[in-house]
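Peer 1: One structure is given below, represented as structure tokens, and several questions about it will come after.
The values are calculated or read from the model by the stated rules, or taken from the named source; none is laboratory data. Since the model is a prediction, treat every value here as computed from it, not as a measurement. We place every Cβ from the backbone using ideal geometry, glycine too, and count neighbours over all the protein chains shown.
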Amino acid sequence: MEKETLEELVNKKLTGKKSLYSAIREVYKDESAGKIKLIDPSPPTSFAEYMRRLDYSLWFWSALTLIVLAPASITLSNIAPSTLPLRYVFGSIYILFIPGYVLVEALYPEEKSLTPLERLALSIGLSLAIIPLIGLLLNYTPWGIRLEPIVTSTIIYAVAMLFIAAYRKYTIVKMVAETIKSTK
């Protein structure tokens, strides 16, 4: 099996092509169809490195940003009522998407195991199941079902699941890297 860099592959496709874009698009289509396999020549060697590299962990930092923006928008809307629409937008994403998304990422860490549409549907569906369960658990605590306990408990749940998902994804990257290294 011939091993080439991505640049060499694009240059090979570029001969006779009109533009660099069409050559890159052709390589992308080949990779999507499974004709070629793109492998990272220097995958992360530790969990900390995995978290620092945005090409692997951008999903993590995006979800964490949304998790932080929702409580921030709640606090901001209490101070400045004109920001109430932000609270509605970030609150809706926070309640209807994030809890299910972090669970789906933890349960299905491999990117190819679900299509993006399946991930979206499962994220919304599971969020609609998880939030009432968190509310049910809070009902039997001394804090009850109020804004602060709900926000706090969903933050704890989402961040914990986010780290579990990140670690599971890292183990897959590590396993693939070890498999490739052993076949060389």
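Peer 1: Could you list, in sequence order, all residues of the stretch 108-129 that are charged (D, E, K, R) and modelled with pLDDT of 95 or more?
Peer 2: Glu118, Arg119
Peer 1: Output the helices (runs of 4 or more DSSP H) that fall wholly within the stretch 68-184 and possess 1 or more residues being in contact with a Leu (Cβ under 9 Å, 6 or more places away or on another chain) and touching a residue at least 40 places away in the same chain (Cβ under 8 Å), or say none.
Peer 2: 84-96, 98-107, 147-183
Peer 1: Within the stretch 96-107, identify whether any single residue is charged (D, E, K, R) and at pLDDT 95 or above, and answer yes or no.
Peer 2: Looking through the stretch 96-107, at least one residue is charged (D, E, K, R) and at pLDDT 95 or above.
Peer 1: Follow-up. Could you please find all residues in the stretch 148-172 being over 30 Å from Pro132 (Cβ atoms) and surrounded by fewer than 17 Cβ atoms within 10 Å (Cβ to Cβ)?
Peer 2: Thr171, Ile172
Quick grid of which residues meet (1) within 18 Å of Ser62 (Cβ to Cβ); (2) in the same structural domain as Val68 (by TED's automatic domain parsing); (3) of a type in the set (A, V, I, L, M, F, W, C):
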site	(1), (2), (3)
Tyr108	yes, yes, no
Glu111	yes, yes, no
Thr115	no, yes, no
Ala121	no, yes, yes
Arg146	no, yes, no
Ile164	yes, yes, yes
Lys169	yes, yes, no
Glu178	no, yes, no
